[in-house]
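Let me begin by presenting the structure, written as structure tokens, before commenting on it.
The values are calculated or read from the model by the stated rules, or taken from the named source; none is laboratory data. Not measured: the values here are computed from a predicted model. Ideal geometry is used to build each Cβ from the backbone, glycine not excepted, and the neighbour counts take in all protein chains shown.
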Amino acid sequence: MSINHKFLLSVVLWFSLVIPVFSFEPSGGVLSLDGEDDYAILPFAEHGHIFPEGTRAFTVEVWFYPKAEPKKIDKDLILTQQVSIGLKARDQCRLAKNQLCSYRHAYLSGDTGHGLVGNDSPIEKDQWNYIAIIFKNSTLCHATNNQIGQGWQLPFADRVSLHINRPERVQDFVVGGYGEDKFVAPNGALLFQVSSFHGEIDAIRFSNIARYDCAAQGHDPFEPPPRFVNDEHTLALWDFNDKEGADHFEDTSGNGKTLIGMNGASVIGGTGVNLNRNSEDGLEIRPSISLTTTWGQIKSESF
């Protein structure tokens, strides 16, 4: 049987366009977390909230590489304060074989209400993942790797909240965990417990604008930025391009929000040279397999 090599080449090229690969590699150092007891902290007593009172638009985004799956009742924490991102048990998402369940929440408020709103979505195992939370015009949406979701309208909320429903001792901005914390039902049953993230984080950026447009409908293709760049709208930016072994992580936005590594949290692959810049590094895109969205609701003060 003869083989038409031109035909085979055209088939390969066609598949490369239809089913491309999503890929990302850090440009420098990363924050390494062992999932046991290490984390990084920005003390509330010194810095307060990252988003000041009255912030009505924002974007929080992170590149991270998970190395472990949360246990049944655990929520592995990637970052938290006014916005929270992390991983949770598999049964909270509809997942393909090589996926994990991620959560992302934001504390929002308005003149008549405040509360927590968010969703759960699949991410990929054994690779770098991107998550962004975007808020503008009382609309909250999110991006996961190569897709951006439809915005969720929240009539009672028009700004980020300074009222956060967490224990008073957990007001700091933390990355990777903050020690054991359990949430129980009135009958004493354990609902879930905050646990530590095991993996690597390449960069985190907080902005006081909505950097990306929420999709008008459905979930649209999206190309996440391969590098986070500092600009006038950046409130905090940690790229972890500090020296190898560093346990103080510079805020390259210039706003002085240096993260402090605790219990061994440190940089690996770092050189101490700031590699934060515009990048032409390519990103190839692969359609995601499934998406589960479970939004909370902003409740009025009368509840």
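In the condition set (1) closer than 22 Å to Pro70 by Cβ; (2) modelled with pLDDT under 90; (3) in a strand (DSSP E or B), Arg166 is compliant with all but (3). Inclusion of Glu280 among residues that are at pLDDT 90 or above, surrounded by fewer than 14 Cβ atoms within 10 Å (Cβ to Cβ) and part of a loop (DSSP other than H, G, I, E, B) is not warranted.
The set of residues in the range 75-91 that are touching a residue at least 60 places away in the same chain (Cβ under 8 Å) and not β-branched (Val, Ile, Thr) comprises Lys75, Asp76, Leu77, Leu79, Gln81, Gln82, Gly86, Leu87, Lys88.
Among the numbered criteria (1) modelled with pLDDT of 95 or more; (2) touching a Cys at 6+ places or on another chain (Cβ under 6 Å), which single criterion is violated by Gly149? Of the numbered conditions (1) modelled with pLDDT of 95 or more; (2) touching a Cys at 6+ places or on another chain (Cβ under 6 Å), the odd one out for Gly149 is (1). The residue that is modelled with the lowest pLDDT, among those in the range 49-99 that are assigned to a strand (DSSP E or B) and touching a Cys at 6+ places or on another chain (Cβ under 9 Å), is Lys88.
For the range 213-244, the tally of residues that are surrounded by fewer than 17 Cβ atoms within 10 Å (Cβ to Cβ) and either modelled with pLDDT of 95 or more or at negative phi (or both) stands at 12.
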